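Below: the structure, in structure tokens.
The values are calculated or read from the model by the stated rules, or taken from the named source; none is laboratory data. Since the model is a prediction, treat every value here as computed from it, not as a measurement. Neighbour counts are summed over all protein chains in view; Cβ atoms, including those assigned to glycine, are modelled from backbone coordinates with ideal geometry. For the accessible areas, the whole protein counts, side chains as well, though only heavy atoms, and no ligand, DNA or RNA atoms are used. Shrake-Rupley method; radii C 1.70, N 1.55, O 1.52, S 1.80 Å.
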Amino acid sequence: MIDVCVIGGGMVGAATALGLAKAGYSVLIVENAMPAPFDSESEPDLRVSAINMASVNLLTELGAWSEIEAMRLHPYDSLAVWEMPTSKTVFNAKDIQAPCLGYFVENRILQLGIHQALACCDNVTWKQHVAVTSITLSDESSIQFSDGEAITCKWVIGADGGHSATRQLVGIGVTGWQYQQHAMGIKIKQSHSQSITWQQFTPTGPVAFLPLSDGYASLIWYHNAEHLQALKGVSPEVMKSRILDAFPDLGGDFDVLEWAAFPLVRQHANRYIDTHFALVGDAAHMINPLAGQGVNLGFKDVAELLKQCSKLGMTQRALAAYERSRKPQNLLMMSTMDVFYSVFSNAITPVKVIRNLGLSLADKAGPIKNQVLRYAMGY
């Protein structure tokens, strides 16, 4: 009988499986859609994540970061945040004697790097291109698949994303809502790469710049759904003119290559565990991407679950300790992002004055500013 079945082989699910396999457990990974192989000549994907140093440390310990580095990533050493240019706050890696603040990595490359590390584990098997149709949890849990096969295992991990079928089959509900604004990701190509990422708050929502390698970059544009939907079928030339109107100076000329909009959702599972079962990553929590913490919170789930299993073994006590640790921490981060989002979405003049004053003071805050930076890096 298999020790652990991890349903979902994405970034967080694969990292969970890798950690448990390295701890000596036999692991089955169920993944319906495997990533396309890496091609060094290809353009970067549209879907990119900001990976903080805590996540880098976890992936390094798991043996996956070297695989990711061998493909493609881009470090950033500065982060600027502002509404008015006179109230800009700039965080620099050199202020805390760090080589960089983090890395921008394509989601697919993160997934592929972890999969390559998994290939070195002889206690890992895969079941691909199937859906889970039923789960019965017990000391010997039973999982049935759409191809008619069934397996038994001791433990089940649900890591199949925000629309988790696993979570629904187990009967765990969620609370949350969809924000009024959507966000659009836009891939551009410049003549040179940059090492600073920034976010500006505007009356219609934040705009952000995420540098990638070889002069590529990703722009994030928050706006109402109707406005972004109207841009879906425009030409690259029209999109470029809209970007020039909505974004500050991007540091040179650029070409627009690809774009897509997505809704902003907050969602939190009512509980993270059940009998011989745990949720990790987006299956447990989805957060406003304002500060780029989504996948980093998922990797923190992985680190905590592995820590508790190392201390207590793969036991119900370990799962309970994992939930006690991660659920309130994730809720705090979600609520903090909501407060931040609400404050910077408010057009009332006194609120605008106070928040811009706050950004100006934050830039001169010294040790407090550096502590905020270390927290953003996951420390």
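Here is how the numbers come out for the structure above:
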read-out	value
Segment Phe38-Asp139, length gained on full extension (0.36 nm per residue, minus Cα span)	32.4 nm
The chain shape via C-alpha gyration tensor axes, a/c threshold 1.5	prolate
Of Leu219, Ile273, Gln229, farthest towards positive along the dipole that unit charges on Lys, Arg, Asp, Glu beta carbons give the range 210-335	Ile273
Rel. contact order, % - alpha carbon contacts under 8 angstrom, at least six apart, the range 89-149	17 percent
Estimated distance in nm for a label pair at Asp147 and Asn224, the labels positioned 7 Å out from Cα along Cα-to-Cβ	4.8 nm
Residue order for Met337, Met1 - accessible surface, 1.4 angstrom probe, largest first	Met1, Met337
Dipole moment magnitude, nearest 20 debye, the range 1-103 about Cα centre, only Lys, Arg, Asp, Glu C-beta charged	260 debye
Most mobile listed residue (Val238, Val56, Val265) in the chain, GNM with C-alpha springs under 10 Å	Val238
Ordering of 150-156, 37-43 by packing [mean C-beta count within 10 Å, highest first]	150-156, 37-43
Karplus (6.51, -1.76, 1.60) ³J(HN,Hα), θ = phi - 60°, over the range 160-173, in Hz, Gly and Pro reported as x	9, x, x, 9, 3, 5, 4, 4, 5, 5, 6, x, 9, x
Dipole magnitude of the chain, debye to nearest 20 (Cβ charges: Lys/Arg +1, Asp/Glu -1, about Cα centre)	1280 debye
Pairwise label distance in nanometres, Thr86 with Gln180, each label 7 Å out on the Cα-Cβ vector	2.8 nm
Label-point separation, Asn107 to Arg47 (7 Å along Cα→Cβ), nm	0.3 nm
Expected 222 nm ellipticity per residue - DSSP helices of 4 or more, -39500 (n - 2.57), all of the chain, to 500	-11000 deg cm²/dmol
The range 123-278: C-alpha gyration tensor shape, a/c 1.5 cut-off, then a/b vs b/c	prolate
The range 124-209, relative contact order in percent, only Cα pairs under 8 angstrom and at least six apart counted	16 percent
Surface share of carbon and sulfur [accessible, 1.4 angstrom probe, percent] for the chain	55 percent
Where no second cysteine Cβ lies under 4.7 Å, the cysteines concerned in the chain	Cys100, Cys120, Cys121, Cys309
Cα gyration tensor category, rounded, prolate or oblate, for the range 268-337 with a/c compared to 1.5	prolate
Per residue solvent-accessible surface (Å²) - the chain, probe of 1.4 Å	44 Å²
Charge dipole (debye, nearest 20) of the range 178-280; +1 at Cβ of Lys and Arg, -1 at Cβ of Asp and Glu	300 debye
Karplus-derived HN-Hα couplings along the range 71-76 (A = 6.51, B = -1.76, C = 1.60, θ = phi - 60°), whole Hz, x at Gly and Pro	9, 7, 7, 9, x, 10
